[in-house]
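To start, the structure under review is shown below, and the notes come after it.
The values are calculated or read from the model by the stated rules, or taken from the named source; none is laboratory data. Since the structure is predicted, the reported quantities are computational estimates derived from the model, not experimental observations. So basically every Cβ, Gly included, is an ideal-geometry build from the backbone, and we count neighbours across all protein chains shown. Surface accessibility is based on the protein's heavy atoms, side chains included, excluding ligands, DNA and RNA. Shrake-Rupley method; radii C 1.70, N 1.55, O 1.52, S 1.80 Å.
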Amino acid sequence: PQWGDTTYGIVEITNFDSRGVFRLLKKLIEETMDAVVAAVKGVDNIVDAVRETVRDQLKGALKDVSDVAGQGMESIVAVVTGSLKSVASIGGSLVDVSAGTIRGVVRGVSDTGGDVVGAIRQTASTLIEEANTLGQDLGEVAVGAVRGTISSAEKVGVDVSDATKAAVTSVIKAADGIGDEAGKTVRDALLSAAALPRDTVEKIIKGSEK
């Protein structure tokens with residue numbers, strides 16, 4: 001599997017159980033969830049708290065699995081999953097948690113010299129897939145993912161247009177994979193979100209449907 005393969009979900013991690021990697025990643029999910037819950041207690045800025053926590057969790061994980069070929073992307077899936085699972089405990093905004101999560105991944109992958117755009121694709125698709133599993137609002141998660149991408153890409157020297165396209169097309173592809181209703185929910189949310197550049201988003205959506 002490659003970073004950005006939106007068909008590759010958390011379930012596939014079990015393929016690595018024989019090497020003990022599954023146990024490491026399962027632990028990473030739980031540790032990230034606990035770390036995010038602890039980080040946001042009593043803070044006003046949930047986005048920044050989630051971003052810093054996810055960044056630190058991911059950088060530590062990438063260092064831990066640096067000698068295991070292909071595990072960087074699985075670590076992203078695990079950290080993103082743990083972060084999204086924290087919402088049930090903290091009662092925070094899905095938009096804020098999703099934005100903070102993808103911002104943290106962008107920072108963490110950038111700091112370790114990884115493929116940031118590929119990581120954005122994987123994170124965006126994982127957010128939608130896991131939100132669906134958890135019964136969360138896919139529209140809010142999609143908006144948060146794209147908003148977080150736009151606000152973080154330029155800060156790490158990544159082309160904002162490329163990053164935005166990666167996020168928008170990935171959340172749509174993941175939603176379409178769930179079903180027609182999910183795809184419509186995500187498209188409608190992206191086009192109606194005041195925090196997003198509607199013209200840019202609309203152009204990317206139309207381009208992805210050709």
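Worth pointing out:
- Pairs meeting the criteria (first residue in the range 50-77 and under 19 Å from Glu30 (Cβ atoms) and of a type in the set (A, V, I, L, M, F, W, C), second residue at pLDDT below 85 and in a helix (DSSP H, G or I), beta carbons under 6 Å, at least 6 apart or on different chains) are Leu62/Gly72; Val65/Gln71; Val77/Ile10.
- When the range 92-111 is filtered for residues that are open to solvent by 10 Å² or more (accessible area, probe 1.4 Å) and in a helix (DSSP H, G or I), the ones remaining, listed by number, are Leu94, Val95, Asp96, Arg103, Arg107, Ser110, Asp111.
Let's see how each residue does on (1) at pLDDT below 65; (2) out of contact with any helix residue (DSSP H, G or I) (no Cβ under 8 Å at 6 or more places or on another chain); (3) within 15 Å of Glu129 (Cα to Cα); (4) open to solvent by 10 Å² or more (accessible area, probe 1.4 Å):
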| position | (1), (2), (3), (4) |
| --- | --- |
| Val11 | yes, yes, yes, yes |
| Thr14 | yes, no, no, yes |
| Phe22 | no, no, no, yes |
| Val36 | no, no, no, no |
| Thr53 | no, no, no, yes |
| Gln57 | no, no, no, yes |
| Gly82 | no, no, yes, no |
| Ile90 | no, no, no, yes |
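- Test: Arg187 is surrounded by fewer than 24 Cβ atoms within 10 Å (Cβ to Cβ), in a helix (DSSP H, G or I) and not aliphatic (A, V, I, L, M): yes
- Top-ranked residue of the range 193-210 - restricted to ones that are of a type outside the set (Val, Ile, Thr) and more than 19 Å from Ser151 (Cβ to Cβ), ranked as farthest from the chain's Cα centre (by Cα): Lys210
- Glu181 vs. criteria acidic (Asp, Glu), buried (at least 18 other Cβ atoms within 10 Å of the Cβ) and out of contact with any strand residue (DSSP E or B) (no Cβ under 9 Å at 6 or more places or on another chain): no
- Qualifying residue in the range 173-182 (condition: within 25 Å of Val116 (Cβ to Cβ) and touching a Lys or Arg at 6+ places or on another chain (Cβ under 6 Å)): no
- Restricting Arg121, Arg107 to those that are farther than 21 Å from Thr185 by Cα, in contact with an Asp or Glu (Cβ under 9 Å, 6 or more places away or on another chain) and of a type in the set (D, E, K, R) reduces the list to Arg107.
- The set of residues in the range 134-166 being more than 17 Å from Val186 (Cα to Cα) and among the small types (Gly, Ala, Ser) consists of Ser151, Ser152, Ala153, Gly157, Ser161, Ala163.
- Just one of the listed residues (Gly148, Gly135) is crowded, with 22+ Cβ neighbours inside 10 Å and either among the small types (Gly, Ala, Ser) or on the phi > 0 side of the Ramachandran plot (or both), namely Gly148.
- Scanning the range 151-172 for residues that are open to solvent by 10 Å² or more (accessible area, probe 1.4 Å), β-branched (Val, Ile, Thr) and either in contact with a Ser or Thr (Cβ under 7 Å, 6 or more places away or on another chain) or in a helix (DSSP H, G or I) (or both) gives Val156, Val160, Thr169.
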